[in-house]
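Read the structure below first, then the notes.
The values are calculated or read from the model by the stated rules, or taken from the named source; none is laboratory data. None of these values were measured; they are calculated from a predicted model. For neighbour counting, all protein chains shown are included, and Cβ atoms are generated from backbone atoms with ideal geometry for every residue, glycine included. Heavy atoms of the whole protein, side chains included, go into the accessibility calculation; ligands, DNA and RNA do not. Shrake-Rupley method; radii C 1.70, N 1.55, O 1.52, S 1.80 Å.
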Amino acid sequence: MSELIQRAKNFATSAHQRIGHRRKYSDQPYQVHLESVARMVASVSDDAEMIAAAWLHDVVEDTPATLGDVEREFGPAVAALVQDLTDVSRPSDGNRAIRKETDRQHTAHASPRAKTIKLADLIDNCQDITSHDARFARVYLSEMNALLAVLGEGNTRLLNKARALHGECQEKLSQRAGAEASPSTIGLAALFPQVANSLLLRRFREVFTAGDIAEPLLSFDTDAPARDSARIMKARHLKIAGIRVDGVVQAYVRLADIAVGDVGDGDRGGAAPSGRQLQHIAADQVLAINAPLMDVVGILTRHDQCFVSVFDSVVGVIERDAVNKPPVRMWLFGAITLYEMGLLTLIEKIYPDGSWQGILPAGRLEKARELQRERQRRNQHCELIDCLQLADKAMLTLEYPPARDALGLPSKRAAKALIKDLESLRNHLAHAQDIVSHDWVQIIRLAHRMAELSTA
């Protein structure tokens, strides 16, 4: 194993382990999937960059790492492969079918090397999903078939294997006794119709936007002296500035990349910023100023920066730390509140006449009764169900298999982990603690859940 591949293996394994990421159905450590994909790629190529990218192919979508992190650790070639393998659809683009078509078009323009890695990923996922989840497998196989149509430039051996496996899995599903006839699992909108169809949810999506947290982007012409640019950025405490090409901001530069040596008031020399590691602003890094915050989270999942435009001109920048700002915290707290409202309505539906009391552990039930008695002592009328904590509501809901299906949770263990993560985020929000460092993965998931509801 080359040094590059070993570093990629270590980086990916550590990144997925830090968030407790495991395989959905088997509960194996996630690196089992990564190793399978890397081995498949290694079986058809000795290209170290490809094998490294195979280890890293999910690190941007599923962990706090960004494409910038990958490039800094492994160079632009590996980062380009990972970017080709990373979905670009935004949460607000629409339902799953619409988002998957956007991602398929992105894959269609990927390099042949990236398409080979994607084939290995499809093969491993197809085997796993078809073996464990017949209902979702129907959805996945349909999406896989569409992807295979644009992966013809990938390795021929893996392409043929993927096509054969697809056919075998289709045949197995058609023969499997008791397989669900429905083409998809119940969606969140069907599970929480009162929330999904509410005017409140639509207003909630529109109130907070990218413009609420963006910082103005100072920009320089491409021929501006680097040391002058660095001096101005230091004076204004800016880490990043835009670079104008023909009067239009098309790139950016980091202060760390141009502030070489001592930049004093009398120092007027230096090369142009164009000679100091300019970064091109990618199309999928830019949002309109009125774009919803869920799309900002989507971009910051992939990139270190999200750029904000007005009339197609880049005027602002958002970095991940901005998620700690009050507008985002209010938005996330509101999202959890809407989520909790949906849970309460669902509990009343699936446990009529208070039958949930026989499901909740005795200790948790007694805590709810204590709270009810205290509220009644204060002349605050409330039902016992109104005194349940978030963890209680989530636990009761996730005892209901269709709810676990809708949330993509194959087991009670996974459900308990979700509850713990959601409570962690809410507690950090309530106490004004850093949510970017502690809860980034849960923020991504929550944004996607709200998108599923609001685009239904």
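Of all residues in the stretch 138-158, none satisfies the criterion of being farther than 21 Å from S111 by Cβ and touching a residue at least 60 places away in the same chain (Cβ under 8 Å).
Note on the stretch 123-144: residues that are assigned to a helix (DSSP H, G or I) and in contact with a Phe, Trp or Tyr (Cβ under 9 Å, 6 or more places away or on another chain) total 7. Checking A403, A391 one by one, the residue that is touching a helix residue (DSSP H, G or I) at 6+ places or on another chain (Cβ under 7 Å), of a type outside the set (V, I, T), closer than 30 Å to I19 by Cα and at pLDDT 85 or above is A391 and no other.
Would you say L147 is within 20 Å of the chain's Cα centre (by Cα) and in a helix (DSSP H, G or I)? Taking the combined requirement at face value, the residue does not satisfy it. The combined condition, being at pLDDT 90 or above and farther than 26 Å from A414 by Cα, is not fulfilled by R364.
Any residue at all in the stretch 68-83 that's in a helix (DSSP H, G or I), touching a helix residue (DSSP H, G or I) at 6+ places or on another chain (Cβ under 9 Å), aromatic (F, W, Y) and under 23 Å from R23 (Cα atoms)? For the stretch 68-83, residues in a helix (DSSP H, G or I), touching a helix residue (DSSP H, G or I) at 6+ places or on another chain (Cβ under 9 Å), aromatic (F, W, Y) and under 23 Å from R23 (Cα atoms): absent. Restricting attention to the stretch 10-64, the residues being within 22 Å of the chain's Cα centre (by Cα), part of a helix (DSSP H, G or I) and among the β-branched types (V, I, T) number 5. From the list R375, R449, the lone residue that is open to solvent by 30 Å² or more (accessible area, probe 1.4 Å) and touching a His at 6+ places or on another chain (Cβ under 9 Å) is R375. For E423, the conditions (1) under 25 Å from the mean Cα position of the chain (by Cα); (2) surrounded by fewer than 18 Cβ atoms within 10 Å (Cβ to Cβ); (3) modelled with pLDDT of 90 or more; (4) in a helix (DSSP H, G or I) are fulfilled apart from (3). For beta carbons closer than 6 Å, sequence separation of 6+ or different chains, a first residue in the stretch 222-235 that is at pLDDT below 90 and open to solvent by 40 Å² or more (accessible area, probe 1.4 Å) and a second that is among the small types (G, A, S) and assigned to a helix (DSSP H, G or I), the qualifying pairs are T222/S274.
Of all the residues that make up the stretch 348-368, how many are under 20 Å from A403 (Cα atoms) and under 35 Å from the mean Cα position of the chain (by Cα)? Within the stretch 348-368, residues that are under 20 Å from A403 (Cα atoms) and under 35 Å from the mean Cα position of the chain (by Cα) number 8. Applying the condition of being under 20 Å from D128 (Cβ atoms) and surrounded by fewer than 18 Cβ atoms within 10 Å (Cβ to Cβ) to the stretch 43-61 and asking which residue is modelled with the highest pLDDT yields S43. Test V310 against the stated conditions and say whether it is open to solvent by 10 Å² or more (accessible area, probe 1.4 Å) and either in contact (Cβ under 8 Å) with a residue 40 or more places away in the chain or more than 16 Å from Q389 (Cβ to Cβ) (or both). It is true that V310 is open to solvent by 10 Å² or more (accessible area, probe 1.4 Å) and either in contact (Cβ under 8 Å) with a residue 40 or more places away in the chain or more than 16 Å from Q389 (Cβ to Cβ) (or both).
For (1) hydrophobic (A, V, I, L, M, F, W, C); (2) part of a loop (DSSP other than H, G, I, E, B); (3) modelled with pLDDT of 95 or more, each residue gets a yes or a no:
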| residue | (1), (2), (3) |
| --- | --- |
| E153 | no, yes, yes |
| N160 | no, no, yes |
| A164 | yes, no, yes |
| P183 | no, yes, no |
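At least 3 residues being in contact with a Leu (Cβ under 9 Å, 6 or more places away or on another chain) is the threshold, and among the strands (runs of 3 or more DSSP E) wholly inside the stretch 284-394 those reaching it are 305-310, 313-319.
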